[in-house]
1. Is it the case, given these coordinates, that LEU104 is open to solvent by 100 Å² or more (accessible area, probe 1.4 Å), within 20 Å of LEU16 (Cβ to Cβ) and without any contact (Cβ under 8 Å) to a residue 40 or more places away in the chain?
2. Please indicate, with yes or no, whether at least one residue in the stretch 47-61 is touching a Gly at 6+ places or on another chain (Cβ under 8 Å) and not in a helix (DSSP H, G or I).
3. Is there a residue in the stretch 89-97 that is open to solvent by 100 Å² or more (accessible area, probe 1.4 Å), not basic (Lys, Arg) and not in a loop (DSSP other than H, G, I, E, B)?
4. Quickly run through the stretch 75-88 and pick out the residues that are without any contact (Cβ under 8 Å) to a residue 24 or more places away in the chain and either part of a helix (DSSP H, G or I) or open to solvent by less than 100 Å² (accessible area, probe 1.4 Å) (or both).
5. Of the residues in the stretch 22-42, how many are open to solvent by 70 Å² or more (accessible area, probe 1.4 Å) and either modelled with pLDDT of 95 or more or part of a helix (DSSP H, G or I) (or both)?
6. Taking interchain pairs and intrachain pairs at least six residues apart, which have beta carbon atoms under 6 angstrom, with the first residue in the stretch 52-74 and open to solvent by 90 Å² or more (accessible area, probe 1.4 Å) and the second at pLDDT below 90?
Amino acid sequence: MRNYIIKRILLSILILFSVTFIIYAILRCLPASYVENMAMQLAAAPGAKPYTEWIDQLNASYGLDKGILAGYLTWLSDFARGNFGDSWKFTVPVIEKFNSVIWLSFVMGAISFVLQLLIAIPLGIVAATKQYSKADYCAGRNFAAYILFCNPFKAGLCGEAAMVRCVWSGGT
């Protein structure tokens, strides 16, 4: 069992690196890039450097002046050190913006987890105790009709009128 888990973890790491490299390569091969757009905006300012100088400077700062593999390895080393660069939208370091918004994501995730449990456990109980009945098919195929017309918190089956409504609204 230990060898199986180690094998799966190593495969997961290999897949992670493969996917990040593929995404990096695709972003590098796009016809237009952020660097070109930013260089145009910066060069348009009065008294600014020419467009080509901005392109060279921005490419060097983002590691885009190297090949795809060398650029990926540069990005990977920066990532391992926790250097995620600056946010293009908010013009602050990415880690600073991340720290300011991550807790909202945790709270929203916790709320959705609790709601999921409140819905999934009663429906699972009904589906398990009334397997292959009309309530099971109704709950599985038309969740909205089941919640509206059936009471998933009851131990018993839905009434016949509710079954007719469930079947009428799309369940079988």
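1. no
2. No, because not a single residue in the stretch 47-61 is touching a Gly at 6+ places or on another chain (Cβ under 8 Å) and not in a helix (DSSP H, G or I).
3. So far as the stretch 89-97 goes, yes, one or more of its residues are open to solvent by 100 Å² or more (accessible area, probe 1.4 Å), not basic (Lys, Arg) and not in a loop (DSSP other than H, G, I, E, B).
4. Of everything in the stretch 75-88, those that are without any contact (Cβ under 8 Å) to a residue 24 or more places away in the chain and either part of a helix (DSSP H, G or I) or open to solvent by less than 100 Å² (accessible area, probe 1.4 Å) (or both) turn out to be SER77, ASP78, PHE79, ALA80, GLY82, ASN83, PHE84, GLY85, ASP86, SER87.
5. Total meeting the criteria: 7.
6. Final answer for the pair search is ASP65/ASN59.
The values are calculated or read from the model by the stated rules, or taken from the named source; none is laboratory data. Given the structure is predicted, the values throughout are model-derived calculations rather than measurements. Counting neighbours? That spans all protein chains shown, and the Cβs are built from the backbone with ideal geometry, glycine included. These accessible areas exclude ligands, DNA and RNA; they are computed on the full protein's heavy atoms, side chains included. Shrake-Rupley method; radii C 1.70, N 1.55, O 1.52, S 1.80 Å.
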